[in-house]
Amino acid sequence: MFDIIIIGGGAAGASAAVIAARNKRNVLLLDKGAEFSGLGLAVQVSDLPGIEGVAGSEALSRMKKQAVTLGAEVNNATVMSCVISDGAKRVVTNEPVNYDCKAIILATGNMPHQESHVYQGEKELRGKGISHDVENDAPATRHASVALVGKSVQAAEDALKLSEFAEMVYWVIPASKLDIPPELKSKLEETKRIEPLFSSSLKKINGATEVTSISVLSQGQERTVSVKYVFLPPQQYKPVTDYLNNTGVQTSPEGVVLVNQQFETSVPGVFAAGNILCLKPQLNVVCAAQGAIAALNAEKRL
């Protein structure tokens, strides 16, 4: 029997594994893979202290390696369900073996309601320079050229945000003009790092191992623009909780797992951390901190 089983190997789960293993607990981390984590899909990490200039998948690999070095066990498995009683807790996976433990930390994050594969090359380059989250990923674009797609007020604000970091923002606007407040329009016109491409559409995202350029149809002519990042319209996210049916873990009407100040759910001994607690991805450093706190509080339940 394990002391703590952590479900989800993103920033929150990996951090929880490091802290719990560091404190000599018998820990199992169940992880489907980096592609199911916001951090794992990051082209370059910019929000974890001491980790800079590496891909998110590499950052996760380092965190898991540290957990294993400290004594944790990491298994690549998909959790199908949980059986929770007053005594031991059982985690059922797609493997032929079940896992029992004294405490559980839920860290399966959130994912888009449905995958967006609107543009050619988008699916192939997912996690290799494509983002739907300007707020979190803008700092990683320092000294790079980026593309932004959209025509809303939010897109205009995103263009300004990106211009604070990127060398140049090529703004693909599928309209002949913008319906935005005059003061916002003035700020955009004053910013030299934004090149608006009116009456344009994104046709293809190019690259092999990472984004290298985009193909744009602009006013009837196709052109290729060299960029390192492509920011597509925001997505709606939903916490991954399908394996929690009949466990008694309470969620909000939107599906967010509810916790107290100790990051403990409505079920004693079951904790949660990271993006499973929200409808929009948080900073990786916030997820990691929540995972660490959840691990410390889970220990007190042992």
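The values are calculated or read from the model by the stated rules, or taken from the named source; none is laboratory data. The model shown is predicted, which means the values in this text are computed figures rather than measured ones. With ideal geometry, Cβ positions are generated from the backbone for all residues, glycine too; neighbour counts draw on all protein chains shown.
What to note about this one:
- Applying the criterion of being without any contact (Cβ under 8 Å) to a residue 24 or more places away in the chain and of a type outside the set (A, V, I, L, M, F, W, C) to the residues of segment 256-281, the residue that is farthest from GLN44 (Cα to Cα) is SER266.
- For ALA88, the test of being of a type in the set (Gly, Ala, Ser), surrounded by fewer than 23 Cβ atoms within 10 Å (Cβ to Cβ) and farther than 26 Å from ASN284 by Cβ is passed.
- Candidates are the residues of segment 31-48 that are within 21 Å of ALA72 (Cα to Cα) and aliphatic (A, V, I, L, M); the one that is surrounded by the most Cβ atoms within 10 Å (Cβ to Cβ) is LEU39.
- Residue satisfying all of: in segment 113-141; modelled with pLDDT under 85 and among the small types (Gly, Ala, Ser); farthest from VAL227 (Cα to Cα) among these: SER116
- Only residues that are under 23 Å from the mean Cα position of the chain (by Cα) and surrounded by 16 or more Cβ atoms within 10 Å (Cβ to Cβ) were counted in segment 239-254, giving 7.
- Single residue of segment 49-83 satisfying the filter (at pLDDT below 90 and assigned to a loop (DSSP other than H, G, I, E, B)) that is surrounded by the most Cβ atoms within 10 Å (Cβ to Cβ): ALA55
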